[in-house]
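Structure first, then comments.
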Amino acid sequence: MEWWQFLLLFFVGLGALMAVGLPVAIAFLLVNLAGVYYLWGGVSGFNQLILSIDSSISTFVLVPVPMFILMGSIMFYSGIAQRMIEVLDQWLGFVGGRLSVLAIGAGALLGTLTGMAMGSVAMLGSTLTPEMERRGYAKSMSLGPILASGGLAILIPPSTLAIVLASLGGFSVAKILIGIIVPGILLAILCIGYIVIRATLRPQDAPSYETVRVPFDQRLRDAALYLVPPMFVVVMIIGLIFFGTATPTEAAAIGTFLTFVLAALYRRLNWQVLIKGVTQAMQLSVMILIILTGSAAFSQLLSFSGVTGAITSLAGDLPVHPLVLLILMQLIVMFLGMFIEQTSIVLVTIPIFLPIVHQMGWDPIWFGIIMMVNLEMATITPPFGLSLFVMKGIAPRNTTMGDIYRAAIPFILINMLLMGIMIAMPDIVLWLPNQMN
């Protein structure tokens, strides 16, 4: 069988299984089993598959994944994250489109605490959307910023998806976690800039209103009590990784421990919080690890069937500028983002893309972070971006999917602008990782 026939059959089989409702991880496992049976000598090849599955998840590199998820879950269920949003709101009374700006700022804060886009959209949507509607905000200025805020959870460390991407790609977890800081901050600035400019030019889209003035000394006290301690935990994690004082795994363990201490000091750590936080962390961690098990077998099947070598040679021989090839690869990710979630996209594309990255001589950290922005955009890309459906579930009853799609478009364009900046100026991505010890 030719390599292209194998690849075509693989994706046709995968698509058919997903179309009948099987989860991506199970669909991948079944297609991998069929490929192993065909290429590796029947039933005896399953032994190699089991070894591949074991080696793909029995690695120290993946330990931060459940740690960071548990850290975020405890922050969320203990109410620490919600209290931070309330404190942030006290400082935004003078800003045009303040509720939309609050959504972006709160999304950035939640990103540092949870790393989960859909959780951020659900929380902010349920709390801010009714208030925005009551204040007369246009739907595009209420729904859009909340959708964009969820994506920031992926681009601001600690990011579970960044760890998964680095693990599958075989490059530094520490460098990709540090490398996403500047793009994440830049994305937040671009979104806030768009909101403020639009609120200035079209005040009817975000009507101003009188806010309750909180005394300055109370704002300082609340910030010191409820904003500084959780942010200190996050900054400490980033600092430990950046200066090489601790590995990402060690930093994740320290951060998770301090999160439990913080919840206890706020007197919010009880059995209910503990059970909910640990249960959610366990469910998400198992889901991610199951998806990762399919990646090792998929990569080996691609290599064994000749797909990896053939695609790499084909890419190298194309009579186009390498930049065109890079854009084509990102367009593929963008297309997949319309239909499937981010971890599954990484699973499908990285085994194919990474040999091309090495062939072209691109820095894998740079490529990986550009791809992270693209994956962040996938959560709000019509027609099937997952955050779009989360928003539909919590939005006011008169909200249609068309309203949500239209609200997402400006922020999709902002993501594309950021990707263009990162491609044109790689130092924006690589400067911080290059300063690491």
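Summary of computed values
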{"quantity": "Leading residue at positive end of dipole, the range 155-284 (Cβ point charges), from L186, V228, Q204", "calculated": "Q204"}
{"quantity": "Unit charges on C-beta of K, R, D, E only; dipole of the range 311-437, Debye", "calculated": "420 debye"}
{"quantity": "Highest average packing first - 174-184, 216-226, Cβ atoms within 10 Å", "calculated": "174-184, 216-226"}
{"quantity": "Residue-averaged 222 nm ellipticity for the chain, from DSSP H runs of 4+ at -39500 (n - 2.57), nearest 500", "calculated": "-25500 deg cm²/dmol"}
{"quantity": "Full-extension gain in nm, L33 to N47, via 0.36 nm per residue minus C-alpha separation", "calculated": "3.9 nm"}
{"quantity": "Listed residue (L62, G15, M84) projecting farthest to the positive dipole end of the chain, Cβ model", "calculated": "M84"}
{"quantity": "Whole-Å distance, taken between Cα centres, linking the range 1-33 and the range 219-289", "calculated": "38 Å"}
{"quantity": "Cβ charges +1 (Lys, Arg) and -1 (Asp, Glu), total dipole of the chain, debye", "calculated": "1040 debye"}
{"quantity": "Protection-proxy order for peptides 420-431, 371-382, 135-146, 349-360, each taking the mean of Cβ atoms within 10 Å per residue, highest first", "calculated": "371-382, 135-146, 349-360, 420-431"}
{"quantity": "Chain lengthening between L201 and A424 when straightened (0.36 nm per residue, less Cα-Cα)", "calculated": "77.3 nm"}
{"quantity": "Euclidean distance of C-alpha centroids, the range 384-425 and the range 325-339, integer Å", "calculated": "16 Å"}
{"quantity": "Most fluctuating residue given options T160, T293, T245, as computed from a GNM of the chain linking Cα atoms under 10 Å", "calculated": "T245"}
{"quantity": "Label-to-label distance, nm, for residues given as M436 and F335 (7 Å Cα→Cβ offset)", "calculated": "3.3 nm"}
{"quantity": "nm² value of the averaged projected area, convex hull over the Cα atoms of the range 64-434", "calculated": "18.8 nm²"}
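All of the numbers you see were taken from the coordinates with simple rules; none came from a lab. Computed from a predicted structure; not experimentally measured. Virtual Cβ from ideal backbone geometry, glycine too; neighbours counted across all protein chains shown.
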